[in-house]
1. How far is it, in nm, from the label point at Phe61 to the one at Glu20 when both lie 7 Å from their Cα along the line to the Cβ?
2. Would you mind calculating the gained length between Thr70 and Glu44 on full extension (0.36 nm times residue separation, minus the Cα-Cα distance), in nm to one decimal?
3. So what does Cys32 come to for accessible area, using a 1.4 Å probe and Å² rounded to 10?
4. Share of segment 25-83's accessible area from carbon and sulfur, percent, 1.4 Å?
Amino acid sequence: MSKITKVNSEGNSVSKELAEKRARNSEAARRCRDKVKNRIEQLETENMGLLEEKRDLYLRFVQCETMLKTSEENLKKANERNEALEARLAQFQKFILYTAAKGKLDQQDLPSIIGDYNAS
């Protein structure tokens, strides 16, 4: 086996086998760096997509919270209105019972019935 020598970039002489081994290792390292670089780029792209999705979901969440708050406020107003209507209905029912008890159901007696009812 002959030792054929080459001169490397630093000016040192090395065997052909060693030079070839170094060249293979250098190429393998370059491929590995390229793989890692490509994987990092892929992960950065995925990360950007996830960040956009997170932002979109957060905006939808804020919209839903706003709609919920508005709905709760509308429900509260509707409940208050319902309570007021129920109170008026109860008063009207009392008025009808009062009128029936007095026996005054004629249209012309209505103002006096209302006056009597309000006084009681």
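The values are calculated or read from the model by the stated rules, or taken from the named source; none is laboratory data. Only a predicted model underlies this, so the values are computations on that prediction, with no experimental measurement involved. Reconstructed Cβ throughout: ideal geometry from the backbone, glycine too, with neighbour counts over all protein chains shown. What goes into the accessible areas is simple: the full protein's heavy atoms, side chains included, and nothing from ligands, DNA or RNA. Shrake-Rupley method; radii C 1.70, N 1.55, O 1.52, S 1.80 Å.
1. Going from the Phe61 label point to the Glu20 one covers 6.1 nm.
2. Length gained, Thr70 through Glu44: 5.5 nm.
3. It works out to around 80 Å².
4. Numbers: 3150 of 5670 Å².
After summing per-atom areas, the C and S share lands at 56 percent.
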